[in-house]
Every structure is written in structure tokens, then in C-alpha cells.
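The values are calculated or read from the model by the stated rules, or taken from the named source; none is laboratory data. Just so you know, these numbers come straight off a predicted model, no measurement behind them. All Cβ positions, glycine included, derive from the backbone under ideal geometry; neighbour counts span all protein chains shown. We work out accessible area using only protein heavy atoms, side chains counted, and drop any ligands, DNA or RNA first. Shrake-Rupley method; radii C 1.70, N 1.55, O 1.52, S 1.80 Å.
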Amino acid sequence: MMEKCRATRRLFSHSFKSLFNHRSVSDHSTLRSASVFTHHFSDNGQRCIPLFQLQKSDLLARASFSRDYKQTFWPPLGRGLGGMMCALQFRSFGSAGTKIQRNPSFATLNSDDVTYFKGVLGEKNVVQDEDRLEFVNADWMHKYKGSSRLLLLPTTTDQVSQILKYCNSRHLAVVPQGGNTGLVGGSVPVFDEVIISMSSMNNIVDFDKVSGMLVCEAGCILENLISFLDNQGFIMPLDLGAKGSCQIGGNVSTNAGGLRLIRHGSLHGNVLGLEAVLANGNVLDMLGTLRKDNTGYDLKHLFIGSEGSLGIVTKVSILTPPKLSSVNIAFIACKDYLSCQRLLLEAKRKLGEILSAFEFWDSEAMDLVLNHLEGVRNPLPPSVHNFYVLIETTSSDESYDKEKLEAFLLRSMESGLISDGVLAQDINQASSFWRIREGIPEALMRAGPIYKYDLSLPVENMYNLVEEMRVRLAQKAKVVGYGHLGDGNLHLNISAPQYDDMILAQVEPYVYEWTSKHRGSISAEHGLGLMKANEIFYSKSHETVQVMASIKKLLDPNGILNPYKVLPHSLSTH
Amino acid sequence: MKVLVAVKRVVDYAVKIRVKPDKSGVETQNVKMSMNPFCEIALEEALRIKEAGLASEVVAVSMGSAQCVDTLRTGLAMGADRGIHVEATGALYPLTVAKVLKALVEVEKPRLIIMGKQAIDDDCNQTGQMVAGLLGWPQGTFASKVLLDREKQLATVEREVDGGLETLCLDLPAVITTDLRLNQPRYATLPNIMKAKSKVIKKYTPQELNVEIKSDLEVIEVTEPPKRKAGVIVSSVDELIDKLKNEAHVI
Ligand SMILES: Cc1cc2nc3c(=O)[nH]c(=O)nc-3n(C[C@H](O)[C@H](O)[C@H](O)COP(=O)(O)OP(=O)(O)OC[C@H]3O[C@@H](n4cnc5c(N)ncnc54)[C@H](O)[C@@H]3O)c2cc1C
């Protein structure tokens, strides 16, 4: 049976609580907002006294934003508060030195707000249940955690519009959430932002079998769209390991790249139209289905990749390619990075029109997958290889495609670029190869705390960074490199025994500086989110960022949409 | 000792089956075809027997359209030494296949035939038994473990039966059909794909083997199974009992 990689968090829920317990960091503002909430929403009838008045100065002085979750910081406070710690929420930051305070211009939620939302959405789509909130407050990696007390589940664009209009007038901050598989802390609240989940807007609006144009609501899960299209003889122009959970609205909002970008290009090319709701509740209908439309500024592009900071995407129209009958996949071992790189060049030249994926990973990534994922076996005969490459070809002619790929691989083997390899003989084998590549993020997650970097770099020196990091970190952490080699996208992952400031200091800002020096991008496809909002200048000029800030100000003057994310905090606070 | 392995080309296990609009059969146009998974297991077992020094040659046989050569190439890339393709158009039913195999046994003189317990397309689960019957050889079907004794010319076959394992001892020559848990088939490595290029696939027609392709069966209609209806949530035990009684008629 085709084993599909699903990035569902159910898998990890058993370790959910324990993970947070030793990973919390906090600052006065979290404490403050949480305590205020407790005051209003205490479910168990306990009235917690707002703490910030008496503790604020003390906390301010001691607040440390490092992520080693100072035991010295919390316990005394905790003891002093006794049962009143009930609603304290903790969170941790991805980047060193992130000093962030709750924007004081935001209102805090009150019971009138909740009543209003219930009026718009109905009781059951306004969620205050602790368990459900715990789930949506935390990100996929369990690295970022907010303390929102309210989850809203709109089912129509009009409801999204009413919610935003209200929040805007009340200065209530919101965080749009899709499948919550984002890897930069963008999809969860930082403080008490209201979570607007798009998961109930999951209808397919229209599919045109002639043009391949799919129009659907933002909350459709990618994998469901893939199966829907499969029945129609079409495919989605993007695919990624998180397909079982991520939503098309989230994909568009992060401008997700994924495994097939080398073939179908980015979402800026494939998304032909969008419907988005602005902070003031205005609905922008840009839901065109035309391939060519040069009337004025193409505003939909602003929403592709803006991570929910300019508006909420409610519908998407996307061009889907026909499904071709012949897909072949080879799983290859290479002795060094130079061979992978040369193999890529050759593949582009010799397989050009049929190449549909070119992925690579190192032996450290391979070991993680073999050790942490059940039922995965190495398809190659046992032997030590330094690098692995997955090549996929897609075409309309089975025997032509296979012959061509086989001939290419055999030639590359003769010339020494490939040390060993296997060619999938059926779909089951093909999925088992993909499972290895797609399982890397999951295996890393299971291995423990991770520092994740998603970099665009010139292919020729991309892997040097991984090697330099290994030297810098020596035995302190495991450095893993993998990614979409065909697109010049490296996923540098540092898997550490625990979150540790010493390790982080070795990594940041070094990684960003290195990337900037090589004219790369510090975010190839994951976005900036909370993790890298302040690092934007490593990849964009001040002038550019200023224009971004002006656009943000224009579309969201009160800054309620996904605050603290994407743009540097210095520019986005009021 | 030579081992003969039958490999069938079928619609890939992972493909969602579609019935042709005229209900004459299953759609195979533009559909991914692969080796029947049970045949892969059969071939793997034969290769392991050879690697253990108990067989000298593994010959893969496939019957059907010209594209069966692709399936044989997969077999050769896994490690089979030679291939035989019996080219036939039109449907092949178990009895015909068994007769072709019997004819090939007379040419090739293997001491062991290993084949899948069934093909995942028609699920017949008859061919192995029929070949054994036609040849008058002993059969070990649904094998989950196979041990060969070269001295005594015996095969010990473990089979999973209801409630436990049954162990059979067969005199060679014999027919063995494979169950899912017998082994995990290997992948086709590039060096083996390369080697397979120079391996020989011999072609026969059924006429050359003196087998007439015919069947006493006629397929009248192929239809999809009825769609499963979505479940309903009942609000009380009484309602459940009522539905079980009056709608499902099971109590
Ligand atoms: C196992 C795994 C593999 C991955 N592989 C890849 C990969 O290959 N390539 C890649 O690019 N990414 C990859 N990712 C990360 C990727 O960004 C997300 O998986 C995906 O694109 C986000 O979709 P989501 O629905 O989960 O969005 P979320 O995580 O919920 O949100 C992401 C961001 O978009 C915003 N957002 C979500 N929905 C909307 C909306 N409707 N309107 C406005 N804003 C919205 C959120 O506020 C947040 O800022 C991977 C993640 C995992 C866990």
C-alpha cells in the first residue's frame, strides 16, 4: 500500500506535554496577557489576580530572552503564586536575542467580543476549549507557543470579513492559521492573538477539465486536492512532505516551494487568482482564472508569500497540469557533494524535459530516517555512502521515459558520478523512496530539538556551509543537510540534545551572515515568520523593506494581522 | 538445479482500478503496470535459493502481450538469469497458463517451479495447483518459509493455515506458491539493470509449445463494487436497535 507521509501532529502528541515543560521561556508580557486572560476566562472558577502590577518591574529586570529556559527564573515565581499559575503560557523563540513585547495598542479579548463572534459564527465555531487551544497555540515543531484563548472557525468569506472588520475596530490582533505546519513560528500566536483557522473553509468551488483550472477555498488540505485531481486526471503543481495537513491557503501564504518546483515553477506562476480579506473586512475579489491579464498592478502577488500579514486568503484559483502516465524514480548514492552537483547539471541537460524532481540529502539525514521512522529500509545494498539523490522523471510515454532515465543513470555510473543506485519497479517502491526523502523533517523532529534554516544558495558552494557548521559545532550537535538541490535550496538542520544558547550562538548570526555573503536568501521557501522577522535585512535592502512596511501600513493600518511576524519589529510596532 | 519462476504483468498494486465504461473489463490503457507482488516474492525466493548455492539457474517466464518483456526485464534486473516470453494476445486463464508452463517444463527441465499464490488482478489462486496437477508434482502452496535439502532432493515448506503453521515435506521436482510473508523482495540496482541488458529473453508462441489458447469461461460483465454509504450517527441505543432491526435486518 502506498504509504503516505502525513505531517499530522497526532503522531507526536504523546510527547506534547513533556516537550513544553522543559522548553518554556517567558517574559513579562506573556505573563501579563495570560494573567489578564485568566481573570476573564478562568474555566475552573479560580479567579487569578492580575499579576503584572506587582510583578512587572521585577520581571522586566530579570526577563531574559535566551532559550535555555532558566530554571532560576520560574520556580520561585511559581511557588509564590501557588495555584494561580494555572493559566500561564510559555513560549520559546527561534532566534537569539529576540526581544519582543506585546504591542500595547492591541486590546485584550473580553466576553462581549466572544458574544459577538458567537453571533457571527455560531456557538460551535467559537472555541475556548483548553485542549483544542493547546493544540492550535503550538507549532508543528513544538518550538513556538502562544497563549491565545480563542479559536475562530469561519465557514464563509463573509464571516471572515465580519470577524476582521470587528477585530480591526477593536484593535484585536489575529493570527491566520492553515494546517499549522509552518516551520518559522508564523502560524501560531506570539501572545494572545485570536486564532482564525481556515480549516472549515474546505470546499472545492469549481474545476474546469478543459483548462485544468481549480478554484477552491483556502482551507482545502493539499493532499485532498491531490486526490480530487487524481480522479480527474490532473495533478497539483506543488507537492510537499506536509501535504497531509497543510492547506492550499497556507501554501499560497508561504509561497511554498516543495518537491516539484523544478518542474512546475513557483506559486507566483501557478496561482492565477485569489480572494483575500483585508484587515478592515474589505473583500478583494481577484479570483481570476485567466492565464494572461495585464490590467494594472497584479495585487494577488502581494498575498502570495506574505504569511498572513496583509490579509486572509479565502479562495484560490490555481492552474493544474494534466497527470502524465509515466513516472520513474531513481534512488542514488554519490560519493561526494561535487558528484551530486555534477549529476544535477547532467540531469538538467540530458533529462531536461522529463525531469520532475531532484532532491538530495546527506548520510546524517539518511541515518536519522533509518533510525527514527518505522518500516523504512535502505533500498541500497549495505555500504557507506556520503550523499543520496532522488531523481524523478515524468512524461507521457512509459517506455521512452524509462529507457532515457536508465541510459542516463548507467552513463553516470560509468563516469563515476553515481556510486550505486536503484530504480523503482513499481509504485510501492517509488513511494518508499519518497518516504525516505519526505520523512527527513519528521525524523529530525523525533530526534529532538532542532534549529532549522532554509536557505537559497548558489549550488556550487551550498554544502560548504554544512561542513563549516560541523567544524564550528564539533561534537555539540548533529548537523544535517538536505533539500531541493535542483532549486538551489538547502535545508540546514542542527539537531541538538537540548535547546542551548551556546549552540545557538555558534549558529546565529553566522548562518545568516554566510548566506548574505554568498548572495543567498535566508528564507528560500518557509518564510520569515516570527523566527526571522528581524533578520530580513540579510536578504533585502533597507529601501525595499521600507516599501514593504508602507504596504503593510496601507493594508493593515492597525497592524492586527499576524503581528510580530515577517517584518522587523522595529518597523511594525506603532 | 534449475528453478522456473512465473511472473505476471498486472495493473500496479497502488493504482486505483477503474472499470471500462462498456463493462467488458478493467481499464489498462494508460495505467501503470508492474510485476504481480506475489511473483516478486517468488522470484526473490528463487534468487535466494540460487545465492545459497542450491540452484544453478533462475529462469523467469511471463505470458501475454509484447509489454510483458518489461516485466521480464524487471525480473532480470532483480537477478534472474534468463527470461522466456510466451507471446499471446487476449485473455489467458489459469488452465491455459498451467498448460503453457507444463510445456515449458518439458523444454527447460526445472526441478522446482516457484510462483505467486495468486495474481492481484484476477485473484484466481489456481495456476500453481493446476500446474502441479498437470505435471503430477507435489505442491506446497501459500509458503511462508522454504528450505531445500539438496542431498535428499526435498523441499520443506511452511504454510500459514488457520490457527497455526503447517509444515510439508515435498519430493523434488515440486511446485511452490508464495504467500506475502515469505520474504521481502530486493530492489533492482543499477549494476544489475546494466547486467540485465545482456541477458537473453527467448520468445515462444503458444503454437510452438503445442498449447491451444481457449477457455471454457466467458466474462459476461465486470462492474464496480457498490459504493459504501456514509455512516450515520445515531442518537440513542433505542434508535440503534431500531435501525439494526428494521433497516439492516440483522437482529
Ligand atoms: C514535514 C514538512 C515538510 C515541509 N516541506 C516543505 C517544502 O518542501 N516546501 C515548503 O515550501 N515548505 C515546506 N514545509 C513548510 C511549509 O511552509 C508548510 O508546510 C505549508 O506551506 C504551510 O501551510 P499550512 O496550511 O500548514 O500553513 P500554516 O503553517 O498554518 O501557516 C503558515 C503561514 O501562513 C499564514 N496563513 C495560513 N493560511 C492562511 C490564509 N488562508 N490566509 C492568510 N494567511 C495564512 C499563517 O499565518 C502563517 O504565517 C514543510 C513542513 C513540514 C512540517
*Report those helices (runs of 4 or more DSSP H) wholly inside the range A:412-508 carrying at least 3 residues which are closer than 24 Å to residue A:348 by Cα and either touching a Gly at 6+ places or on another chain (Cβ under 8 Å) or not assigned by TED's automatic domain parsing to the domain that holds residue A:343 (or both).*
A:462-473
*Quick one: in the range A:280-314, which of the residues that are touching a residue at least 40 places away in the same chain (Cβ under 8 Å) and over 24 Å from the mean Cα position of the chain (by Cα) is farthest from the ligand (Cβ to nearest atom)?*
A:289
*When residue A:456 is evaluated against the numbered criteria (1) within 14 Å of chain B (Cβ to nearest Cβ); (2) of a type in the set (Ser, Thr, Tyr); (3) surrounded by 21 or more Cβ atoms within 10 Å (Cβ to Cβ), which criterion, by number, is the only one it fails?*
(1)
*asked:* Given the options A:515, A:544, name the one that is assigned to a helix (DSSP H, G or I) and crowded, with 21+ Cβ neighbours inside 10 Å.
replied: A:515
*Set A:353, A:364: member being part of a helix (DSSP H, G or I), modelled with pLDDT of 95 or more, away from every other protein chain (no Cβ under 14 Å) and surrounded by fewer than 21 Cβ atoms within 10 Å (Cβ to Cβ)*: A:364
*Mind listing just one residue for me: the one in the range A:413-423 that is more than 7 Å from chain B (Cβ to nearest Cβ) and surrounded by fewer than 23 Cβ atoms within 10 Å (Cβ to Cβ) and, of those, nearest to residue A:379 (Cα to Cα)?*
A:419
*Please give the number of the condition residue A:224 fails out of (1) more than 9 Å from the ligand (Cβ to nearest atom); (2) in a helix (DSSP H, G or I); (3) more than 14 Å from chain B (Cβ to nearest Cβ); (4) open to solvent by less than 10 Å² (accessible area, probe 1.4 Å).*
(4)
*Return yes when residue A:212 is among the small types (Gly, Ala, Ser), more than 13 Å from the ligand (Cβ to nearest atom) and either farther than 18 Å from residue A:321 by Cα or more than 14 Å from every other protein chain (Cβ to nearest Cβ) (or both) and no when it is not.*
yes
*the range A:303-328, residues that are within 14 Å of another protein chain (Cβ to nearest Cβ) and not in a loop (DSSP other than H, G, I, E, B)*: A:322, A:326, A:327, A:328
*Within the range A:149-159, track down each residue that is closer than 18 Å to residue A:563 by Cβ and either in contact with a Lys or Arg (Cβ under 8 Å, 6 or more places away or on another chain) or within 10 Å of the ligand (Cβ to nearest atom) (or both).*
A:151
_Is it the case, given these coordinates, that residue A:290 is part of a strand (DSSP E or B) and more than 19 Å from residue A:178 (Cα to Cα)?_
no
*How many of the residues in the range A:164-183 are surrounded by 24 or more Cβ atoms within 10 Å (Cβ to Cβ) and more than 8 Å from the ligand (Cβ to nearest atom)?*
4
*Identify, please: which residue in the range A:400-412 is more than 7 Å from chain B (Cβ to nearest Cβ) and open to solvent by 20 Å² or more (accessible area, probe 1.4 Å) and is, among those, farthest from residue B:187 (Cα to Cα)?*
A:400
